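Here's the structure we're looking at; comments come further down.
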Amino acid sequence: MEKRFELFENVINTLIDNEILDNLILIGGWCQYFYKIYFNNAPEIPVLRTMDIDFLIPRPLRIKNDVDVGFVLNQLGFSAEYSQLTGDVKYVHPDLEVEFLTPEYGRGQNEPFKIKKLHITAQQLRYLNMLQKYTIEVPFRKSSIRIPEPSAYVLHKFILSSKRKDQTKKKKDILVAMEIGEFLLQSETERKKLLLIYRDFPKGWQKTLNKILINLFEDLYQFLSDK
């Protein structure tokens, strides 16, 4: 874990040095590490177990600096790995993988979204706009990292689980969402955030979420549906 964390730190520092971290939102499993800190090392927050660093690139794009991200990651020992099936690119190291994602709008696109100023492509996925809309900043070393609001993270995990084909990843999403969700329900502040974000969802998203929660997480389902 120490080796993996050191590499993670090097990635973050490189993005800070190139003045592009402010254009990214850290999503995925590494958020759990920061949620644990954010909630004063709460034991209810699950321990980090991931090989992936997922960055969300918000849209519309507001990137000012021209930086070849693939090149700077290569300097840290990452190599680009291309999917012939989808055209997606991820950056692979023996200890970690880095992927860039962006929200998918409209009817969706078959091709990755080009981020010209960063010289990369980002995989377009549904439901990510909820993560870019609700964020917090957490300190990290001499800077800070933007991550999704914990409530948005939990609700997204539940919706994402319903779309998973990989059963192992599906079970992992559900377990993490339930563990953090149960913790959030104990806080009046976080309960308000859960409700606020839920109410901001399109009706179709709410219906999808309700179908998931009624079978998996009755306490959260009752809380959201009774308000």
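For the chain, the longest principal axis of the Cα atoms and the long axis of helix 167-184 meet at an angle of about 60 degrees.
Computed from Cα atoms, the angle from the helix 150-163 axis to the main principal axis of the chain rounds to 90 degrees. Only helices enter the 222 nm calculation for the chain: every DSSP H run of n ≥ 4 contributes -39,500 (n - 2.57), and dividing by all residues gives -14000 deg cm²/dmol, rounded to 500.
Under a 5 Å amide H cut-off, with hydrogens placed 1.01 Å from N, residue 134 pairs with 149 among residues at least 5 apart or on other chains.
Restricting attention to segment 127-183, lysine pairs at least eight places apart or on different chains and with alpha-carbon atoms under 16 angstrom apart total 8. Contact order, relative form, for the chain: 16 percent (alpha carbon pairs under 8 Å, 6 or more residues apart, mean separation divided by residue count). Computed from Cα positions, the angle between helix 203-216 and the longest principal axis of the chain comes to roughly 70 degrees.
Close amide H contacts of residue 140 (hydrogens built in the peptide plane, cut-off under 5 Å, sequence separation of 5 or more or a different chain): 145. Accessible surface of residue 95, taken over heavy atoms with a 1.4 Å probe and every protein chain present, rounds to 40 Å². I want the antiparallel fraction of DSSP beta bridges within the chain, as a percent rounded to 5. About 70 percent, rounded to the nearest 5. Computed 3J(HN,Hα) for segment 94-106, one whole-Hz value per residue from the Karplus formula 6.51 cos²θ - 1.76 cosθ + 1.60 where θ = phi - 60°, is x, 9, 8, 10, 10, 10, 10, 10, 8, x, 9, 10, x, glycine and proline marked x. Rounded to 0.05, the FRET efficiency of the residue 119 and residue 47 pair, given R0 = 25 Å and the Cβ-Cβ distance, is 0.10.
Multiplying the residue separation of residue 65 and residue 182 by 0.36 nm and subtracting their alpha-carbon distance yields 38.1 nm.
The values are calculated or read from the model by the stated rules, or taken from the named source; none is laboratory data. This one's a predicted model, so the numbers in the text were calculated from it and none came from an experiment. Virtual Cβ from ideal backbone geometry, glycine too; neighbours counted across all protein chains shown. We work out accessible area using only protein heavy atoms, side chains counted, and drop any ligands, DNA or RNA first. Shrake-Rupley method; radii C 1.70, N 1.55, O 1.52, S 1.80 Å.
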